[in-house]
Structure formats: structure tokens, C-alpha cells
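Peer 1: What follows is a single structure, and I will ask about it in a moment.
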Amino acid sequence: MRGHPVRGRRDLDPLPVDPAEPATYVVDRAGVLRLAPRRSEHVVCAGGEPVRAAGEMTFERDGAGRWEVREVANLSTGYCPDLTSWAAVAEALEGAGIGHPGGFTHAVVFRRCEECRECNVVREGWFVCVFCEAELPGRWNVGPG
């Protein structure tokens with residue numbers, strides 16, 4: 001089932017996910033933030049469609065009692081989004097009037113190995129494929145095509 005659309009603050013009252021754990025999110029092609037429980041697949045949250053961003057986020061109440069994003073990551077092995085996807089996340093949150101930390105609080109670097117075609121998470125700046133030990137490209141290359 002597609003994730004709960006969030007177009008404004010009212011869409012978070014009540015919060016459509018468990019506030020005690022991170023939520024799965026996508027920003028769909030139309031720029032709408034969609035939320036689902038943490039154990040949901042990002043591709044399902046997006047209704048199987050391409051997305052502008054995907055990952056996990058946690059919420060907390062601000063001083064006025066409104067929900068805002070406390071932490072946000074681009075961790076999605078279904079979409080493997082580039083760090084540049086932050087712009088889509090910020091646009092969706094700001095358009096909905098929801099506060100956020102100003103960038104990914106946990107940024108994940110994804111690269112596809114050009115030798116074995118496996119998707120890798122780059123850790124500690126080490127651009128080497130964990131599957132075949134080939135060098136990984138410096139530029140994001142995980143998108144469709």
C-alpha cells in the first residue's frame with residue numbers, strides 16, 4: 001500500500017507512523033512526501049513508481065507542539081538515492097510547513113560496481129566493491145538505465 005501523503009502539517013496529526021521509531025519515506029515524482037511504518041519497503045511506499053528521494057526519518061514535537069523532522073537519512077536499498085536527493089526532501093518538507101535539520105543527519109553513499117554490477121554502500125570513503133574488490137566510481141551511478 002502506498003505511503004500516507006503529507007502535503008501539510010495537518011497530515012501529521014495524528015502522526016501516521018509510530019513516533020518511537022524512524023518512518024520509511026519517499027518523495028514521489030510530484031514532490032509529495034509519503035510516509036509508511038519503518039519496516040515498509042520504499043518501493044511499496046512509492047506505489048512502485050520512481051521517486052525523487054527515499055530513506056528514513058524520525059519526528060519530534062517542536063516548542064509549539066507541532067511535529068518536525070529530527071533525523072533524516074537517504075538509506076533506501078530499494079532506490080539507493082544520491083546525496084543530491086536532499087533538495088527534494090527539503091522542498092517537500094518546506095512545502096508542507098514541516099521543520100527539518102537542514103540536511104541528511106545520516107548520509108549514505110551508494111555506488112554500483114561497474115565490474116560485477118552489484119550495488120554497494122561506500123563506508124569511510126573507501127570506494128572499493130565489497131563483492132569483487134573493483135574500484136567504485138566517484139560519481140553516483142545507481143539510477144535506472
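The values are calculated or read from the model by the stated rules, or taken from the named source; none is laboratory data. Computed from a prediction, not measured in an experiment: that's the story for all the values here. As a convention, Cβ positions derive from the backbone with ideal geometry for all residues, glycine included, and neighbour counts pool all protein chains shown. Heads up: the accessible areas ignore ligands, DNA and RNA and are worked out on the full protein's heavy atoms, side chains in. Shrake-Rupley method; radii C 1.70, N 1.55, O 1.52, S 1.80 Å.
Peer 1: Could you list, in sequence order, all residues of the range 20-39 that are open to solvent by less than 40 Å² (accessible area, probe 1.4 Å) and either assigned to a strand (DSSP E or B) or out of contact with any helix residue (DSSP H, G or I) (no Cβ under 9 Å at 6 or more places or on another chain) (or both)?
Peer 2: PRO22, ALA23, THR24, TYR25, VAL26, VAL27, ASP28, LEU33, ARG34, LEU35, ALA36, listed by residue number.
Peer 1: Inspect all residues belonging to the range 43-51 and state whether any of them is in contact with a Pro (Cβ under 8 Å, 6 or more places away or on another chain) and open to solvent by 60 Å² or more (accessible area, probe 1.4 Å).
Peer 2: yes
Peer 1: What is the one condition in (1) on the phi > 0 side of the Ramachandran plot; (2) touching a helix residue (DSSP H, G or I) at 6+ places or on another chain (Cβ under 6 Å) that GLY65 does not satisfy?
Peer 2: Among (1) on the phi > 0 side of the Ramachandran plot; (2) touching a helix residue (DSSP H, G or I) at 6+ places or on another chain (Cβ under 6 Å), the lone unmet condition for GLY65 is (2).
Peer 1: Another question, if that's okay. Kindly establish whether ALA134 is aliphatic (A, V, I, L, M) and under 17 Å from ALA73 (Cβ atoms).
Peer 2: no
Peer 1: Can you go through PRO16, PRO81 and tell me which one is within 29 Å of ARG139 (Cα to Cα) and assigned to a loop (DSSP other than H, G, I, E, B)?
Peer 2: The conditions single out PRO81.
Peer 1: Report yes if SER76 is out of contact with any Cys (no Cβ under 9 Å at 6 or more places or on another chain), part of a loop (DSSP other than H, G, I, E, B) and not aliphatic (A, V, I, L, M), otherwise no.
Peer 2: yes
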